[in-house]
Structure formats: C-alpha cells, structure tokens
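This report refers to the structure that appears directly beneath it.
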Amino acid sequence: LLFVGGRKKRAYGNRFTVLCWDLKTDKKAWESAEILLRGQTEGEEAYEVGFEEVFIQGEHAIVHGRYDVIALRWSGGSEGKDLRKDGKKEKAWHFRVPLGFEIQTIGQCGEVLVLCGRSSTLALSAKTGEIVWDSGEVGEYYAGPYFYEDQVFSVRKSPSEVSFRRLGTGRLLSRLSVPGLSTNRKHPVFAGESGEQTPAAAESVEAYPV
C-alpha cells in the first residue's frame with residue numbers, strides 16, 4: 001500500500017486528506033474524509049504543511065501535523081465499515097496536543113508514539129491515541145527521539161544535553177551533558193576546546209547529532 005497526503009483549498013483555510021493506493025491492483029483503496037488541522041495554513045505565518053510521513057501500527061495508519069495526530073484504519077478497502085456514505089474513510093482516533101505544545105518530530109517504538117516538543121516530550125498509545133506520559137525537558141528540542149531496549153532518549157540544546165527516559169513511564173533515568181554540541185542542526189558536529197570545529201569533523205562527509 002502507498003499512502004499519499006493531500007491538501008485541498010477551501011474558502012476558509014485548507015483541508016487535508018490521506019489517500020491509500022493499492023500497488024497490487026494499481027487502484028485507490030480508499031481516501032480519508034477531509035481533516036481540519038489546528039495549525040495556520042494561510043498567509044505569511046502559514047506553517048502547517050500537512051501529512052508528510054505515516055506510521056503503521058496494527059490496523060492503523062497514523063499521520064500528523066504540527067498539533068494533530070490522526071489514525072485511520074488502513075485495512076477494509078472500499079468496503080470497510082468505517083466509511084461514510086460518500087465513501088470517505090473516517091478517523092479511528094484524533095489527538096490534539098496540549099496547549100503550548102508543537103510537534104517537532106515523532107518517533108515510534110512498538111505500540112508507543114513519542115512526540116518531541118520544544119520544551120517537553122509526550123508519549124501516546126498508537127492503539128487508542130491516549131496519552132501514556134507527558135514530561136517537561138531541560139533545553140530546547142534538537143534531535144531524536146532514539147530508542148534502545150526500554151529507553152527513549154532525545155538531544156536538547158541551550159543547555160546541551162541528552163535526556164534518557166523509561167519508554168513505558170517517561171521517568172527520567174539520566175541526563176548527559178554535551179557542552180560541545182554544535183547549534184547548526186543541518187550539519188551538527190562537536191566543537192574543539194577552543195569552540196571551533198575540529199579538523200576531523202570539518203573533513204567528515206557525514207554529520208552526527210551527537
């Protein structure tokens with residue numbers, strides 16, 4: 001299956017859709033009903049670009065904007081029970097982030113979705129869209145989330161550190177200070193003792209977040 005995010009202009013803001021294409025039959029399996037996202041979509045301050053990635057968990061295809069996370073049942077095709085009379089797919093669940101939270105990125109580990117905000121991290125159940133935990137962070141979001149066994153960690157800046165948490169509960173396990181972290185997110189490298197980029201980093205083809 002191929003999932004394609006769409007944008008439809010309307011008189012009062014844009015609406016967004018998800019189209020599911022069956023690559024075996026080369027036909028449309030289904031299309032979602034139009035979805036209104038909370039982010040600004042018009043004018044100079046527009047920043048809601050719509051759906052750019054999809055996470056698959058069980059029977060759910062999960063997409064997100066800046067302030068919304070939406071699950072649609074990918075199974076069932078054009079005969080699914082979750083279709084409206086016009087044939088459009090209804091949402092399985094729709095989560096709106098708490099006031100002041102803006103999604104920087106999302107990571108998935110099993111049945112848990114981890115949402116990184118500027119100053120906090122929260123986890124959702126991929127099955128129900130319910131909050132599993134919500135924790136404040138020190139510093140602003142920089143990179144991640146990354147997963148290792150039952151842990152989730154993210155890189156913060158100002159101050160620069162790596163935050164390690166228990167995936168199931170959000171309990172803080174430790175913080176690792178990384179004072180040499182570059183603030184250039186496009187090509188992040190460690191700086192030398194003088195604060196300047198090290199020769200090895202300058203010549204490196206690849207860039208690493210830490």
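I'm trying to understand the selection: among the residues of the range 81-138, which are small (Gly, Ala, Ser) and within 15 Å of ILE70 (Cα to Cα)? Steps first, answer last, please.
Restricting attention to the range 81-138, the residues satisfying the condition of being small (Gly, Ala, Ser) are 87, 92, 100, 107, 110, 117, 119-120, 123, 125-126, 129, 135-136.
Residues satisfying the conditions are ALA92, GLY107, ALA123, SER125, ALA126, GLY129.
Take the conditions (1) open to solvent by less than 90 Å² (accessible area, probe 1.4 Å); (2) modelled with pLDDT of 80 or more; (3) not in a loop (DSSP other than H, G, I, E, B); LYS28 misses just one of them, which is (1). Restricted to the range 123-163, the set of strands (runs of 3 or more DSSP E) holding at least 3 residues that are farther than 14 Å from LEU173 by Cα, of a type in the set (Phe, Trp, Tyr) and open to solvent by less than 70 Å² (accessible area, probe 1.4 Å) is empty. Checking each residue in the range 97-108 for being at pLDDT below 95 and open to solvent by 50 Å² or more (accessible area, probe 1.4 Å) picks out LEU99, GLY100, GLN104.
Of the residues making up the range 79-89, those that are open to solvent by 80 Å² or more (accessible area, probe 1.4 Å) and either closer than 19 Å to VAL54 by Cα or at pLDDT below 75 (or both) number 2.
Being surrounded by fewer than 19 Cβ atoms within 10 Å (Cβ to Cβ) and among the acidic types (Asp, Glu) is the requirement here; does GLU111 meet it? So GLU111 fits the description; yes. Within the range 178-192, being assigned to a strand (DSSP E or B) and either at pLDDT 90 or above or within 24 Å of PHE101 (Cβ to Cβ) (or both) holds for one residue alone: LEU181.
Conditions (1) within 20 Å of GLU149 (Cβ to Cβ); (2) aromatic (Phe, Trp, Tyr); (3) in a loop (DSSP other than H, G, I, E, B), marked per residue:
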position: GLY87; (1), (2), (3): no, no, yes
position: LYS91; (1), (2), (3): no, no, yes
position: PRO98; (1), (2), (3): no, no, yes
position: PHE101; (1), (2), (3): no, yes, yes
position: GLN108; (1), (2), (3): yes, no, no
position: LEU113; (1), (2), (3): yes, no, no
position: THR121; (1), (2), (3): yes, no, no
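Restricting attention to the range 149-169 and to residues that are of a type in the set (Val, Ile, Thr) and touching a Lys or Arg at 6+ places or on another chain (Cβ under 8 Å), the residue that is modelled with the lowest pLDDT turns out to be VAL162. Within the range 51-65, how many residues are in contact with a Lys or Arg (Cβ under 8 Å, 6 or more places away or on another chain) and over 12 Å from SER32 (Cβ atoms)? So the count comes out to 5. When we screen VAL4, VAL18 for residues that are surrounded by fewer than 14 Cβ atoms within 10 Å (Cβ to Cβ), part of a strand (DSSP E or B) and modelled with pLDDT of 90 or more, the only hit is VAL4.
The values are calculated or read from the model by the stated rules, or taken from the named source; none is laboratory data. Owing to the predicted nature of the structure, the values given are computational and were not obtained by experimental measurement. Cβ: placed from backbone, ideal geometry, glycine included. Neighbour counts: every protein chain shown. Side chains are part of the model used for accessible areas, which takes the heavy atoms of the whole protein and leaves out ligands, DNA and RNA. Shrake-Rupley method; radii C 1.70, N 1.55, O 1.52, S 1.80 Å.
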